[in-house]
Amino acid sequence: IFIFAVYGLLFAYLIFTYVMQGIALQTIAKRRGIDHPWLAWVPYGVNWILGAIASEYDLKNGIKRRWDKVLLTISVIIAAFEVLSYVAMFIGIIWIAMNMNGYMSEEDVLLFTMFMYIALIPSILLLSVFSTLATICVFKIFESTVPEKALIYFLIYLLVPFAAPICLFACRNKGYEVMSED
């Protein structure tokens, strides 16, 4: 029962985080005039929206950066590396099972294990780059919505995991709004 309770709480937290972040990013994207703000609810679309909000803020300050394209591209590449890693692991396990014949040399086991770890290195490096860039984009959101409290919101976002979606949600209706020219 305890394990089900823990998983239930974890699932509730994940749903809560997803909804709070989706509402926050969609609202900010609408206020900034970003196309397709509903992408805040789509798994890879959220990376594009996060980058688009940061790109729009940079553009307002005279800086041309395409955070949206960079974050989306890196996240898709990470997903491709992960899929390839799982496929390689699956093929390796099948190869080991078919070639064991009751005995597998230590060299083969070591070679397979080393290959799996080496195959993960590009994914881990890209994930580090992605996390750093996404964190910069989140700071830009706080800077553009609550400039006087941006650092405080950002530190809470980073240091208190349960408060991260609440910080974004609290900023959703603050900051400047871009008026459409329709």
Rounded percent of accessible protein surface that carbon and sulfur make up, the range 85-157, 1.4 Å probe: 76 percent
Length added when fully stretched, Leu127-Val83, from 0.36 nm per residue minus Cα-Cα: 14.4 nm
Value of [θ]222 nm, deg cm²/dmol, for the chain, DSSP H segments ≥ 4, -39500 (n - 2.57) each, nearest 500: -26500 deg cm²/dmol
Of Met114, Met20, Met89, the one that fluctuates the most in a GNM where the chain has Cα springs shorter than 10 Å: Met114
Mean shadow area of the chain, taken as a quarter of the surface of its Cα convex hull (nm²): 14.7 nm²
Kirkwood-based Rg to Rh ratio, the range 112-166, C-alpha trace: 1.23
Efficiency of FRET between Asn61 and Leu120 - r from beta-carbon atoms, R0 35 angstrom, step 0.05: 0.40
Of the DSSP H helices in the chain, those whose Cα atoms cover at least 18 Å axially and whose Kyte score averages -0.5 or more: 2-31, 45-60, 67-99, 106-145
Full-stretch length increase - Glu107, Asn173 - with 0.36 nm per residue and alpha-carbon distance subtracted: 17.8 nm
Leu10-Val160 FRET efficiency (beta carbon distance; Förster radius 25 Å; 0.05 resolution): 0.90
Two-decimal ratio, the range 77-182, of alpha-carbon radius of gyration to 2.2 N^0.38 Å: 1.76
Among Thr73, Thr113, Thr145: highest mean-square fluctuation, GNM of the chain, C-alpha pairs under 10 Å: Thr113
Accessible area of the range 9-127 divided out per residue, in Å², using a probe of 1.4 angstrom: 64 Å²
Kirkwood hydrodynamic radius of the range 1-109, from inverse mean 1/r over distinct Cα pairs, in Å: 17.5 Å
Fluctuation leader among Ser85, Ser128, Ser105 - the chain, Gaussian network, Cα springs under 10 angstrom: Ser105
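The values are calculated or read from the model by the stated rules, or taken from the named source; none is laboratory data. Worth saying up front: this structure is predicted, and the values here are computed from it rather than measured. Positions of Cβ are generated from backbone atoms using ideal geometry, with glycine treated the same way; all protein chains shown enter the neighbour counts. Quick note on the areas: whole protein, heavy atoms, side chains included, nothing else; ligands and nucleic acids left out. Shrake-Rupley method; radii C 1.70, N 1.55, O 1.52, S 1.80 Å.
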